[in-house]
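Below is the structure I would like to discuss, written out as structure tokens.
The values are calculated or read from the model by the stated rules, or taken from the named source; none is laboratory data. Just so it is clear, the model here is predicted, and its values are computed rather than measured. Ideal geometry is used to build each Cβ from the backbone, glycine not excepted, and the neighbour counts take in all protein chains shown. Keep in mind that these areas ignore ligands, DNA and RNA; they rest on the heavy atoms of the full protein, side chains included. Shrake-Rupley method; radii C 1.70, N 1.55, O 1.52, S 1.80 Å.
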Amino acid sequence: MTEYNELLTLCGFEPDEIQRQRHRIETTFQRLNLGADDMDRAVLRLRTYFDLELMGVRKAIGVWLKELIDLVMARDEGKKIIYYGYPPFQYTGLVIKKASEAVGDFYVACPEVILCETLGQIFGKLNPLLEAGETGGLPPGHAMCSLLQIKDGALSLGYIPAPDLSISTSYFCDMGPKADELMQYKHGGYPVEFFDSCMDSPWGEWPAYDPQLVYYLGGQLDQLFSSLQDRFGFVIDETVWAASRKLAGPLYAATNRLNKSLVANPLPLGPVEAQLIVNYPSACTGIAMKEGAEAIEIMAEELEKRVETGAGVLPKDAPRVLIGFPSFVDPALNRLIQDAGLAVPAHSLLLGPPR
Amino acid sequence: MGYIPGGYFPEEIALAAEAIPVGMVRGGQHGPIEHAFTYVDHWVDTFCRSQIGYATSGEDPYYNLIDVLVVPITDSNNRSISDTLSYNTDLELFVYGVPHKKSAEGCLYFRHGLEKMADRIAELTGIAITAKKIAEAIDICNREKELLRKLSLENQSGTTAISAKDYVMVNHASMLLDKRQFVEKLETLLKELQSVKVSEAAMPKVLLTGSTLAMGDNKVIDLLEGTGATVIVGEFAEGIKQFQHQVKPDENFMGALAETYFMERVAPAWFRPGHELPEHLIQTSSDLGVDGVVWYQLMFRESYKVLSHYFPEMLKKATGLPVMVLDSDYDPAETGQMATRVETYIESIRK
Ligand code: SF4
């Protein structure tokens, strides 16, 4: 099975890396039912939608594939597995990952986002997961969340391992925690911790939130950490917080460097490519922290060159729009925005400095 | 003072400040749902969309009557009521959060919300909530709860003269009528019911439970009673007043109210973890010796929809009883299919 060589090379994998990782790569692709046709389609999708002239973009896509391999292989490789939900608190996953290093080998991530970035963006093959989720308790036509259908589908199809703990985003929507309970019921009864809050601020209250709500939320975080300590024996204290911030430092530094190019006119980067970066800090705590940061540094450097020469993905003075939250399941949507002539200099995590 | 009747608004607080609590408990009509489309998309719980429809129609007597609408934020569906109405209407909204975990901290946060609301009500009426006034209000509401509990025993007996539909109507009335008058009438009704008993029907006895049972949403009860089945009305997250727990006399009355309204009641499906509701229903259905459980949920109430996928298996394992899950969007078009399903279900559980 070497039909994946072209795809991986396109995604910035080095030949010796492919050689070293062969077993992991093949096990992953087999488990996910990805064959030669899927590899061809992925290559075609990348060439159609992504700006592969930029080595940073290719590397960034490669980092997502590496995250996918780490996710699928986590149980085979003897890791303890902690999943957290979406949208996560920035740093919470990272601080758990950092603290866990003191007691063993843990895999900590938001799996549904990794699946979207890879089986969605790269392979265009989320349908089997969605269908499995739909038949497994999150039916179509009832406004059930696709992200959770994907997670449940991946567990049902055996694509990803059941975790040792799932941390549920009980502070945001109702879908996430209820679907987490459904998955707990269906997939072996693994423990779920609910990190709760109330979405009860009235119009006009922001930014002066009721401090009692902040205390409640903070208390929930404390409880989560103390239950992690009881369950796994690792401690989260100020030192660990500081260390986890350092872990994410290079990623944020690289992103900030890249952001500076996004004030340029013409804009040197499209929304398809920018999207690749947004979910590293929210979904990953592993290889993306290092190699994701490296990919963004390369991208940043390439963009600086574009800015110097006045090159852009759209003509100068193209209308600039903000996307609150970009799609991360299908690059065709973001591509459509760019092809319509709209420049997207900012979205959620990618906020450049004011002009 | 209008309030969304999800069981997290203690009427005691309104009564103590001499405000009139009005449960916004209407539902079951399709018109308001269609009206609500102007303001909110389809993917919101049917009852919550109805409230948006009633409030924005300008024609609803209850919404036209109130000075303020209190929305305890239990889940995102209730939040859509308060967000939509505060943005699109002149109605004053008051919101406070209902955490999703039963814990001391959650209860404290809920109590904080009650305190904020009490301040606002007292400000609106200009009447301070004194210890004496709140003690009186707790007392009358406890009496009402006790009478509603007794009435529910009538409903459970299978030998009562009051139909399930009328039983629900009385429960709804408790959220609309003058408290003292209602308590008196309820006492009379209970006395009357003591003196007339009917013989137990040969038809199956079912427990009706679900997300919301609103005033006017009679379809499911009409269909069930139409088959001759005995319908016991069980736990509903919204629409049915919670009466199982009385507020304990305590100097710290806000603490006592929070304890009763947040900690003691059966947690609705949106609590996390949500095992309390299925455990309660398993226990109740075996205690009552019913022949089946009818799970009636409104569309897009995601917490109920998700639980309805695996609750039937849980109940079957624990009691052997079959569950029928019905979804409603208050749509007349759904009635035919619902009727067929109800008839088939009752036929299938006949002994
Ligand atoms: S419904 Fe909830 S879980 Fe799904 S994407 Fe929205 S916030 Fe996330």
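Name the lysines eligible as straight-distance cross-link partners of B:Lys197: C-alpha to C-alpha under 22 Å, and not fewer than 8 places from it in the same chain.
B:Lys150, B:Lys165, B:Lys185, B:Lys205
Just the number, please: Stokes-Einstein D of region A:215-355 in µm²/s, Kirkwood Rh from C-alpha pairs, 4 °C, 1.567 mPa s.
Approximately 77 µm²/s, per Stokes-Einstein.
Using a 1.4 Å probe on the protein heavy atoms, what percent of the accessible area of the protein assembly as shown belongs to carbon and sulfur?
Carbon-and-sulfur percentage of accessible area, whole number: 54.
Follow-up. Tell me which GluC sites (Glu not before Pro) from region B:25-118 have a DSSP coil assignment and no more than 13 other beta carbons within 10 Å of their own. Don't skip to the answer; put the middle values down first.
Details: sites: B:Glu34, B:Glu59, B:Glu92, B:Glu105, B:Glu115; in loops: B:Glu59.
Counting only loop positions with at most 13 other Cβ atoms within 10 Å, the GluC sites (Glu not before Pro) in region B:25-118 are B:Glu59.
Would you tell me the mean number of C-beta atoms belonging to other protein chains that fall within 10 Å of each C-beta in A:178-184, as a whole number?
5
Let me ask something additional. Mind checking the per residue accessible area of chain A for me, 1.4 Å probe, whole number of Å²?
39
Here's something else I'd like to know. Could you work out, residue by residue across A:133-145, how many beta carbons of other chains sit within 10 Å of that residue's beta carbon, and then give the average as an integer? Walk me through the intermediate numbers first.
Details: counts 0, 0, 0, 1, 6, 4, 4, 0, 3, 9, 10, 5, 1.
Taking the mean over all residues of the peptide, I get 3.
Where both partners of a DSSP beta bridge lie in the protein assembly as shown, what percent of those bridges are antiparallel, to the nearest 5?
5
Give me the summed buried accessible area for the A-B pair, 1.4 Å probe, to the nearest 100 Å².
3000
Among A:Pro191, B:Tyr39, B:Leu321, which residue has its Cα positioned farthest towards the positive end of the charge dipole of the protein assembly as shown, with +1 placed on the Cβ of Lys and Arg, -1 on the Cβ of Asp and Glu, and the dipole taken about the Cα centre?
Result: A:Pro191.
Return a whole-number percent for the relative contact order of chain B, with Cα pairs under 8 Å and 6 or more residues apart as the contact set.
21
Below 14 Å, Cα to Cα, which aspartates and glutamates can B:Lys179 reach? Residues fewer than 8 away in the same chain don't count.
Once the sequence-local aspartates and glutamates are set aside, what remains near B:Lys179 is B:Glu11, B:Glu12, B:Glu18, B:Glu136, B:Asp139, B:Glu144, B:Glu146, B:Glu187.
Got a number for the accessible area of A:His187? Probe 1.4 Å, square angstrom, nearest 10.
40
Still on this model: Cα gyration tensor of region B:1-136, axes a ≥ b ≥ c as square roots of the eigenvalues: rounded (a/c below 1.5), prolate (a/b > b/c) or oblate?
Because a/c hits 1.5 or more and a/b fails to exceed b/c, region B:1-136 counts as oblate.
Taking each residue in B:98-107, count the Cβ atoms of any other chain within 10 Å of its Cβ, then average. What number comes out? Numbers along the way, then the final one.
Working: counts 2, 9, 9, 9, 0, 5, 1, 8, 5, 0.
Taking the mean over all residues of the peptide, I get 5.
When a/c is below 1.5 the answer is rounded, else prolate if a/b is larger than b/c, else oblate, so apply that to region B:166-300 with a ≥ b ≥ c taken from the square roots of the Cα gyration tensor eigenvalues.
oblate
Could you order A:Thr239, A:Thr48 so the one with the most accessible surface comes first? Probe is 1.4 Å.
Descending order: A:Thr239, A:Thr48.
Provide the solvent-accessible area of A:Leu258, counting protein heavy atoms only and rolling a 1.4 Å probe, rounded to the nearest 10 Å².
0
Please give the residues from region A:211-250 for which the solvent-accessible area of heavy atoms, probe 1.4 Å, is smaller by at least 10 Å² with all protein chains in place than with the chain isolated.
Listed by number, the residues meeting the 10 Å² cut-off are A:Gln212, A:Leu213, A:Tyr216, A:Gln220, A:Gln223.
How many angstrom lie between the C-alpha centres of region B:204-278 and region A:90-128?
Measuring centre to centre over Cα atoms gives 39 Å.
Provide the per-residue ³J(HN,Hα) series for region B:83-99, in order, calculated from phi with Karplus coefficients 6.51, -1.76, 1.60 and θ = phi - 60°, each as a whole number of Hz, with x at glycine and proline positions.
4, 5, 6, 6, 7, 9, 10, 8, 4, 7, 10, 10, 10, 8, x, 10, x
For region A:331-337, in order, what is each residue's ³J(HN,Hα) by Karplus, 6.51 cos²θ - 1.76 cosθ + 1.60 with θ = phi - 60°, in whole Hz (x at glycine and Pro)?
My calculation for region A:331-337 gives x, 4, 5, 5, 5, 4, 5 Hz in order.
Using the Karplus curve 6.51 cos²θ - 1.76 cosθ + 1.60 with θ = phi - 60°, work out ³J(HN,Hα) for each residue of region A:110-116 in order, rounded to whole Hz, and write x for Gly and Pro.
Along region A:110-116, the couplings run 9, x, 5, 6, 4, 5, 5 Hz.
Under the definition of Cα pairs under 8 Å and six or more residues apart, what whole-number percent is the relative contact order of chain A?
Reported as a whole number, the value is 20 percent.
Write down, largest first, the equivalent ellipsoid semi-axes of the protein assembly as shown in whole Å, where each equals the square root of 5 times an eigenvalue of the alpha-carbon gyration tensor. If you can, show how the numbers build up before the last one.
Numbers: eigenvalues 523, 163, 116 Å².
Equivalent ellipsoid of the protein assembly as shown: 51, 29, 24 Å, largest first.
Would you list which lysines come within 28 Å of A:Lys290, measuring only between C-alpha atoms, while excluding same-chain residues fewer than 8 positions from it?
A:Lys59, A:Lys66, A:Lys79, A:Lys80, A:Lys97, A:Lys98, A:Lys125, A:Lys151, A:Lys246, A:Lys260, A:Lys305
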